[in-house]
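Data block below; observations after.
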Amino acid sequence: MSDDSISRNDRRALGAALLAGITSGMLYLSILLSFAFLIPVRSIFERGDRRMGYWASGAAFFAVSTVQVFRISEIGALGLMNVVIGLAPPAILIAAIIVIDAPFWGALGTTWRLLATTTACTLIAIPGFTYVFADGSFASFLEERIQATIEPVLTQANSVVEGFDTSLLRTTLSAKLIAEESIAIFSSSFAAMLFCLLGASYWVGGLFTRNKSGLSREANSQTHRFIGYHVPNALLWPVLASWSGVLGVTVFDVPSPFPAIAWNIALMLSLPYAGQGLGIASHFLNRTKVPRSLRIAIMAFAFAVLVSPATGLAAAAILPILGLTEVWIPYRNSKGVGA
């Protein structure tokens, strides 16, 4: 192969990496699709050339930082702390997706790498949360936004039913109470949400990329499916201990911030078992030869169940429990344990 063709391939790879990075930046800035912004960068790393992955990461951060600094300057709040707050989240997340596949992990499994990276990112984020929540201004801002959303509903209820007493409804839909509960839920589940974001980005970013390892596209896609995913055996006792901690802080009414810490650890450690539960479900769907169209319908229904407030919590609890019970019940091994 000529030097010219090699350089042409390098230019194409660099162009694809920069395009992926800019796409990531635009996804982050879109707000609505920001949850998917790590996927294009991850897909470049999955191709096997870390240099191109670094270029994609740099392009993503450049795109985000340029627009974010412009937005901050437009509202006249171009201070050092505001710039740090605006740029730290994308910088930490991009660094996290780089670190997950870093060479220094050696043969350590993906589950452990995801858990370690999520823990590190959570610890880095704590000072930022402390700063934002310290003076109560964020809580007041959130309360105002919630009140602005609720007020039209109350006004509409009063206009539809003449003489309708909205006092009980106002008490139930207290903006202050909703804001406090929202902050408490976020504080108790931040690590779990971050683990979901990094884990999903890692997996989906690999799904759409043909690996350079020599595997066929079909074989490569098989390696990214949940169908064969198993949680490391060593994670069982930390999970049980973490939920014992949650029980302890609940029963003995332990003061803040220990309940939030206990919930974060328990939820984060349980998520790999939710992935294993999805693997079990995928195994049975695959074994029963369910048509592709019906699988899509089942997945859509499952997603609707998960996002529904009425059923989401129960459904979210089923998957980790299903995965955890595979320690004793060999769902995917028809010959039994030890076969």
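General observations
- Condition met for residue 111 (out of contact with any Ser or Thr (no Cβ under 6 Å at 6 or more places or on another chain) and at pLDDT below 95): yes
- Residue match in the range 3-13 (condition: surrounded by fewer than 16 Cβ atoms within 10 Å (Cβ to Cβ) and among the aliphatic types (A, V, I, L, M)): yes
- Residue match in the range 21-39 (condition: over 23 Å from the mean Cα position of the chain (by Cα), at pLDDT below 90 and not hydroxyl-bearing (Ser, Thr, Tyr)): no
- Within the range 1-107, helices (runs of 4 or more DSSP H) holding 1 or more residues that are charged (D, E, K, R), touching a residue at least 12 places away in the same chain (Cβ under 8 Å) and touching a Gly at 6+ places or on another chain (Cβ under 9 Å): 39-46, 50-74
- Candidate set from the range 20-67 (those that are among the aliphatic types (A, V, I, L, M) and in contact with a Phe, Trp or Tyr (Cβ under 7 Å, 6 or more places away or on another chain)); member that is farthest from residue 104 (Cα to Cα): 27
- Residues in the range 129-158 that are surrounded by 15 or more Cβ atoms within 10 Å (Cβ to Cβ) and not aliphatic (A, V, I, L, M): 129, 138, 143, 147.
- Residue 297 being at pLDDT 75 or above and either over 30 Å from residue 241 (Cβ atoms) or not basic (Lys, Arg) (or both): no
- Number of residues in the range 51-76 that are surrounded by 15 or more Cβ atoms within 10 Å (Cβ to Cβ) and within 21 Å of residue 206 (Cα to Cα): the value is 10.
- Filtering the range 244-273 to residues that are touching a residue at least 12 places away in the same chain (Cβ under 8 Å), of a type in the set (Val, Ile, Thr) and over 21 Å from residue 199 (Cβ atoms) leaves 246, 249.
- Annotation: of all residues in the range 191-246 being β-branched (Val, Ile, Thr) and within 21 Å of the chain's Cα centre (by Cα), the one that is modelled with the highest pLDDT is 239.
The values are calculated or read from the model by the stated rules, or taken from the named source; none is laboratory data. Note that the coordinates shown come from a computational prediction; the quantities given were computed from them, not determined experimentally. Don't worry about glycine lacking a Cβ; one is built from the backbone with ideal geometry, like all the others, and counts go over all protein chains shown.
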